[in-house]
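S.K.: Just dropping this structure here.
The values are calculated or read from the model by the stated rules, or taken from the named source; none is laboratory data. Source: prediction; values computed, not measured. As a convention, Cβ positions derive from the backbone with ideal geometry for all residues, glycine included, and neighbour counts pool all protein chains shown.
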Amino acid sequence: MKLLAKIICLMLWAICVAEDCKELPPRKNTEILTGSWPDHTYPEGTQATYKCRPGYRSLGNIVMVCRKGEWVALNPLKKCQKRPCGHPGDTPFGYFSLIGGNVFEYGVKAVYTCNEGYQLLGEINYRECDTDGWTNDIPICEVVKCLPVKPPENGKIISGAMEPDREYYFGQVVRFACNSGYKIEGDNEMHCSEDGVWSKEKPKCVEISCKSPDVIHGSPISQKIIYKENERFQYKCNMGYEYSERGDSVCTESGWHPLPSCEEKTCNVPYIPNGVYSPLRIKHRTGDEIRYQCINGFYPATWGNTAKCTSTGWIPAPRCTLRPCDYPDIKHGGLYYESMRRPYFPVPVGKYYSYHCDDSFETPSGSYWDYIHCTQDGWSPAIPCLRKCYFPYLANGYNENNGRKFVQGNAIEVACHPGYSLPKEQTTVTCTENGWSLTPRCIRV
């Protein structure tokens, strides 16, 4: 009895809940509804089966069912997806780009472009992913070609294809040269460009000739009006002018060489190391004079301190040399062979002589004799002979220096016993040219 009541209750619930679909199953972009659907109302549970449109595919059937008055997908994850086509294929000397998507699937178009210097063979430049795969063949790129070239009259081709009537490929270069006695008019090379035409016009070969040139500040010696290659033109310069290079010029492919030219006779701006001059000018003409002065211990190399610009240059040449050394005054000593050497002074920088010191004096090196050198600053050493001072016994003081030798310029600190000091409360004594500056002795204070 309970089971029967339960069945009746479920049937009543189904009657209350079930609802017919009052519209046809929906139409879709990628799927096609199968079967015949003549009615306008379909009961609960009715199923509609779809198949994929051309160019699409799915795994299994796509089904929609009528539930509660609406068409719902039996399996929402099942959908029709575009068919793949695989790689469209590369073309040598070119590349492709995709239009309508970025993967190789139905509806995508691969458009091919050739590299620079190449062009499509044919008019179709694309492949399209269709229901049966890629349409059309892979486009082919062929190299661009230019028309054959012939050598110019009185000229020749020196690089590139030499065969007549031969086509040239993109990037190839043809160079031209003219026969002897002729020169290029225009560019001497051209290349096959990316659009299949030559980059420039073919040059011409014209006979080499030169017109009689005008000579500024000069006049021609040769009387011809037109000169051929390698013929010479002679000329002369006016008074006060000279050839810039030489007195003739040769007719060449590029014109006169060297170009006939006369320039005013001038002197170069003087370069005087260790000297200054006036007046300062960019150009010095014949007859101009300068006055110069030497600095840094230098003196004029010739008598006087003026120089004049002449047709052969500066006379006398302005030059500063190091000041020579006069006979050295060696206090407390002298040069060896003094009487023989004295007539040869003054002497230039770099000379040196042996000398000796008197008793109680010595050279800076500590010996009885040494060399004295002439330098740009004078004689070296500046004080050739130095006084020798011997430290005496110091009564009432400390005698660590007793008997030691010191030389001119040395300053010695003196230490006395307590209660004693140097005279005048001094603490040091100095060896001078005349001996100790203060006699070293300690006196009671």
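S.K.: Take the residues in the range 400-427 that are surrounded by 13 or more Cβ atoms within 10 Å (Cβ to Cβ) and of a type in the set (Val, Ile, Thr), then tell me which one is nearest to Gly366 (Cα to Cα).
M.R.: The residue in question is Val407.
S.K.: Pick out, from the range 166-214, the strands (runs of 3 or more DSSP E) lying fully within it that include 3 or more residues that are touching a His at 6+ places or on another chain (Cβ under 6 Å), buried (at least 16 other Cβ atoms within 10 Å of the Cβ) and aromatic (Phe, Trp, Tyr). Show your work before the answer.
M.R.: Details: elements: 173-178, 182-185, 189-191, 204-207, 209-211.
Filter on the range 166-214 gives an empty set.
S.K.: Go through the range 261-288 residue by residue and tally those that are loosely packed, with under 13 Cβ neighbours inside 10 Å, closer than 30 Å to Gly247 by Cβ and more than 38 Å from the chain's Cα centre (by Cα).
M.R.: Summing the residues that are loosely packed, with under 13 Cβ neighbours inside 10 Å, closer than 30 Å to Gly247 by Cβ and more than 38 Å from the chain's Cα centre (by Cα) in the range 261-288 gives 2.
S.K.: Now a separate question. Residues in the range 274-282: is at least one touching a residue at least 12 places away in the same chain (Cβ under 8 Å), outside the structural domain of Glu185 (by TED's automatic domain parsing) and touching a Gly at 6+ places or on another chain (Cβ under 6 Å)? Walk me through how you get there before you give the answer.
M.R.: So in the range 274-282, the residues touching a residue at least 12 places away in the same chain (Cβ under 8 Å) come out as 274-278, 281-282.
Now drop any that are not outside the structural domain of Glu185 (by TED's automatic domain parsing), which leaves 274-278, 281-282.
Next, from what is left, pick out any that are touching a Gly at 6+ places or on another chain (Cβ under 6 Å): none.
No, the range 274-282 contains no residue that is touching a residue at least 12 places away in the same chain (Cβ under 8 Å), outside the structural domain of Glu185 (by TED's automatic domain parsing) and touching a Gly at 6+ places or on another chain (Cβ under 6 Å).
S.K.: Moving to a separate point now. When you go through Val206, Val143 one by one, which is the residue that is under 28 Å from Ser261 (Cβ atoms) and among the β-branched types (Val, Ile, Thr)?
M.R.: Numbers: Val143 fails: under 28 Å from Ser261 (Cβ atoms).
Of Val206, Val143, the one residue that is under 28 Å from Ser261 (Cβ atoms) and among the β-branched types (Val, Ile, Thr) is Val206.
S.K.: Scan Lys224, Lys236 and give me the residue that is outside the structural domain of Leu120 (by TED's automatic domain parsing) and either closer than 30 Å to Glu142 by Cα or in a strand (DSSP E or B) (or both). If you could, list the steps in order and put the result at the bottom.
M.R.: Details: Lys224 fails: either closer than 30 Å to Glu142 by Cα or in a strand (DSSP E or B) (or both).
Of the residues listed, the single one that is outside the structural domain of Leu120 (by TED's automatic domain parsing) and either closer than 30 Å to Glu142 by Cα or in a strand (DSSP E or B) (or both) is Lys236.
S.K.: Cβ-Cβ distance below 7 Å, separation of 6 or more or different chains: which pairs start in the range 255-268 with a residue that is under 15 Å from Pro220 (Cα atoms) and end on one that is of a type in the set (Val, Ile, Thr)?
M.R.: Short answer, once both residue conditions are applied: Pro260/Val215; Cys262/Val215; Cys262/Ile216.
S.K.: Please give the strands (runs of 3 or more DSSP E) falling wholly within the range 302-386 in which 1 or more residues are β-branched (Val, Ile, Thr) and over 30 Å from Lys265 (Cα atoms). Reasoning before the result, please.
M.R.: Details: elements: 306-310, 313-315, 320-322, 333-335, 352-357, 369-375, 378-380.
Where strands (runs of 3 or more DSSP E) fall fully within the range 302-386 and carry at least 1 residues being β-branched (Val, Ile, Thr) and over 30 Å from Lys265 (Cα atoms), they are 369-375.
S.K.: Tell me which of these Lys331 doesn't satisfy, since it passes every other one: (1) more than 29 Å from Tyr292 (Cα to Cα); (2) without any contact (Cβ under 8 Å) to a residue 24 or more places away in the chain.
M.R.: Lys331 satisfies all of (1) more than 29 Å from Tyr292 (Cα to Cα); (2) without any contact (Cβ under 8 Å) to a residue 24 or more places away in the chain except (2).
S.K.: Can you tell me how many residues within the range 411-426 are in a strand (DSSP E or B) and hydrophobic (A, V, I, L, M, F, W, C)? First the steps, then the outcome.
M.R.: Within the range 411-426, the first condition is being in a strand (DSSP E or B), and the residues that meet it are 411-413, 416, 420-421.
Narrowing further to those that are hydrophobic (A, V, I, L, M, F, W, C): 411-412, 416.
Qualifying residue count, the range 411-426: 3.
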